[in-house]
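Step one of this worksheet: look at the structure below.
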Amino acid sequence: MENPFLDQKNSLSKLKMFKIGVHSGKGGVGKTFVAVNVAYSLAAKGYKVGLVDADIDCPNVPKFLSVNSMLVREQGGSAKLEPVVHNGVKIVSTALFNPGKEDPIIIRGPIKHRMLLDFLQSVNWGDLDYLVIDLPPGTADVPLSAMQLAALDTLLLVTTPTKEAILDTTRALNMAKKLNVLILGLLENMSGEIFGSNAENIANSFDIPYLGSIPLSKETAQINENAEIAFLKNPVLFKIRDNLVDLIDGIRNSINLERSSRLVKSAQEMSKK
Ligand SMILES: Nc1ncnc2c1ncn2[C@@H]1O[C@H](COP(=O)(O)OP(=O)(O)OP(=O)(O)O)[C@@H](O)[C@H]1O
Ligand SMILES: [Mg+2]
């Protein structure tokens, strides 16, 4: 019998770029901040990078970056969407269908699922090295579609030190494990005097890499408000940025190596037949 989900998964796994999901069970912990900063840090290293705002009903990436251009569809043929290019990064977001407007996007789960698939499959991404996907919070709808179908290569989990954020992030972590998504690690955001710091212990107890702690700071808040990239502007964050970029690069290289050795093996087996 035909299985439409399997068909979607197979076709999405053929996308060549390395797909990094940025997620947390909890809202407001800095997923968009991290997704945007990772994307622009990879671009600053010379990579071709795309950024999907997968928060379909409350999209924030364009506001975060002060991008107001309009997404347009190619004429004729496949009628693919042209991403907006901002400082070299290709961006799609539902906010860019109606830039600058504050109209609510009132839709149900299945439409969000369809939008996510469209953002992955029906966009002129060209030849990208990395696609960063800023996911909404929770363990349903879009995060579920992304983990089940989008063939994510890895998932970066973000939490703040608070107990509620850690509980919800643990839920997201267990979901990723159940769905066999490779976890890049746990990044703590908004650590410091106010909320403390807990993520290193949590990461160790779940046996996943601890990616560092980003302090809650006036400097970073101001850089974000100015629509600039804190990973490229705030020296306090350079070490965390460099470690993250190196780790992402390392995983991509080892996955590519594994894929090409699998291809060589199957080509050798074919030639024996
Ligand atoms: N380390 C930090 N220091 C200061 N401000 C920060 C820091 N991290 C994030 N912020 C600010 O906190 C707010 C929330 O961040 P962000 O929108 O990235 O969270 P989110 O997890 O994507 O939220 P949502 O669940 O609504 O998508 C933003 O205004 C952002 O600029
Ligand atoms: Mg967000």
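A few points about this structure:
- Flag if L232 is under 14 Å from S41 (Cβ atoms) and touching a Leu at 6+ places or on another chain (Cβ under 9 Å): no
- Residue within the stretch 95-106 that is small (G, A, S), under 16 Å from the mean Cα position of the chain (by Cα) and at positive phi present: no
- Scanning the stretch 31-85 for residues that are among the β-branched types (V, I, T) and either away from ligand 2 (no atom under 12 Å from the Cβ) or within 18 Å of A227 (Cα to Cα) (or both) returns T32, V34, V36, V38, V49, V52, V61, V67, V72, V84, V85.
Conditions tested, residue by residue: (1) farther than 21 Å from K26 by Cα; (2) more than 16 Å from ligand 1 (Cβ to nearest atom); (3) among the acidic types (D, E).
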{"position": "K163", "(1), (2), (3)": "no, yes, no"}
{"position": "R171", "(1), (2), (3)": "no, no, no"}
{"position": "A176", "(1), (2), (3)": "no, yes, no"}
{"position": "E219", "(1), (2), (3)": "yes, no, yes"}
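- Within the stretch 53-72, residues that are farther than 13 Å from V92 by Cβ sit with their Cβ atoms under 7 Å from residues that are near ligand 2 (Cβ under 8 Å from one of its atoms) and polar (S, T, N, Q), at 6+ positions apart or across chains, in these pairs: N60/T32; F64/T32.
- Selection status of L244, within 19 Å of P137 (Cβ to Cβ), of a type outside the set (G, A, S) and touching a helix residue (DSSP H, G or I) at 6+ places or on another chain (Cβ under 7 Å): no
- The stretch 52-92: number of residues that are within 12 Å of ligand 1 (Cβ to nearest atom) and among the small types (G, A, S): 1
- Test: residue in the stretch 60-83 that is touching a helix residue (DSSP H, G or I) at 6+ places or on another chain (Cβ under 6 Å), modelled with pLDDT under 95, surrounded by fewer than 22 Cβ atoms within 10 Å (Cβ to Cβ) and of a type in the set (A, V, I, L, M): yes
- Subset tally (residues that are surrounded by 11 or more Cβ atoms within 10 Å (Cβ to Cβ) and at pLDDT 85 or above) for the stretch 247-273: 7
- Residue count for the stretch 1-44, restricted to those that are at pLDDT 95 or above and surrounded by fewer than 14 Cβ atoms within 10 Å (Cβ to Cβ): 2.
- Matching option when the condition is hydrophobic (A, V, I, L, M, F, W, C), under 26 Å from I105 (Cβ atoms) and in contact with a Leu (Cβ under 9 Å, 6 or more places away or on another chain), among L144, L173, L184: L144
- Hits in the stretch 156-192 (condition: surrounded by fewer than 19 Cβ atoms within 10 Å (Cβ to Cβ) and either farther than 27 Å from Y130 by Cα or among the polar types (S, T, N, Q) (or both)): T162, K163, E164, L167, T170, N174, N180, G192
The values are calculated or read from the model by the stated rules, or taken from the named source; none is laboratory data. No experiment lies behind these values; they were computed from the predicted model shown. Backbone-built Cβ (ideal geometry, glycine too); neighbour counts: all protein chains shown.
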